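Working notes for the structure below.
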Amino acid sequence: MVQRNLRGVMIECMRGNIAHQPDVDAVVNAANAQLGTGGGVAGAIHRAAGPGLENECQAFAPIRPGQAVITGAHGLPNRFVIHCLGPVYGRDEPAAELLAACYRNALRLATQDNVSSLAFPAISTGAFGYPLEAAAEVAVSAVVDSVLEDTVKVVGLIRFVLFDAHAERVFCDTLERLVPESASP
């Protein structure tokens, strides 16, 4: 696990289950366009939240790559779920801009709804095929840029929750490089 404090916002990377983050206000779902139960992150979040989540999502579907919507968390221990549709690598272009938009739009919604803490998965790196190292660079850069641009007004904790040790290491290394310890107060 790596933590960095950037302008009063704690950014951290850790291995874990995105559907079990009871200490954050919102979890981010790596959603499909229909915002339905699927595999990977979407499946884990929908299974943990129960059928009410999918019912609420129907009013927002379909969404486009880069777009984000916010719903209640239903059976999850959080207040909200922010659903982002990441790009399918090699198909949805410009992939890096669309992926960065997921993180920026999720943070914008978090700020609008007074979310003080949220947890992101590695959006688009599973079935959507985005290379992990490139996705980490885009994700961490988008979060760091949002903090530095002062668009993250109420969010005090941004957590990347990674599925396995390799993904955790890649995201931790990226965070350490982009926010050196000397930059953290």
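The values are calculated or read from the model by the stated rules, or taken from the named source; none is laboratory data. Model, not experiment: these values are computed from the prediction. Using ideal geometry, Cβ is built from the backbone for each residue, glycine included, and neighbour counts are taken over all protein chains shown.
For the reader, a short list of remarks on this structure follows.
- The condition (being surrounded by fewer than 24 Cβ atoms within 10 Å (Cβ to Cβ) and hydroxyl-bearing (Ser, Thr, Tyr)) is satisfied by just one residue among SER116, SER124: SER116.
- When ALA59, ALA19 are checked against the criterion of being surrounded by fewer than 20 Cβ atoms within 10 Å (Cβ to Cβ) and either more than 17 Å from the chain's Cα centre (by Cα) or within 18 Å of PHE120 (Cα to Cα) (or both), a single residue qualifies: ALA59.
- Subset of segment 1-29 [within 19 Å of SER116 (Cβ to Cβ) and of a type in the set (Lys, Arg)]: ARG4, ARG7
- Residue check, VAL88 outside any strand (DSSP E or B) and farther than 22 Å from VAL115 by Cβ: yes
- Criterion (out of contact with any Gly (no Cβ under 7 Å at 6 or more places or on another chain) and within 23 Å of LEU132 (Cβ to Cβ)) met by exactly one of VAL88, VAL27: VAL27
For (1) hydrophobic (A, V, I, L, M, F, W, C); (2) farther than 20 Å from ASP150 by Cα; (3) modelled with pLDDT under 95; (4) touching a strand residue (DSSP E or B) at 6+ places or on another chain (Cβ under 6 Å), each residue gets a yes or a no:
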position	(1), (2), (3), (4)
PRO65	no, yes, no, no
LEU76	yes, yes, no, no
PRO94	no, yes, no, no
LEU98	yes, yes, no, no
ALA101	yes, no, no, no
ALA110	yes, no, no, yes
ALA119	yes, no, no, yes
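- Qualifying residues in segment 131-154 (those that are part of a loop (DSSP other than H, G, I, E, B) and modelled with pLDDT under 95) - the one surrounded by the most Cβ atoms within 10 Å (Cβ to Cβ): VAL152
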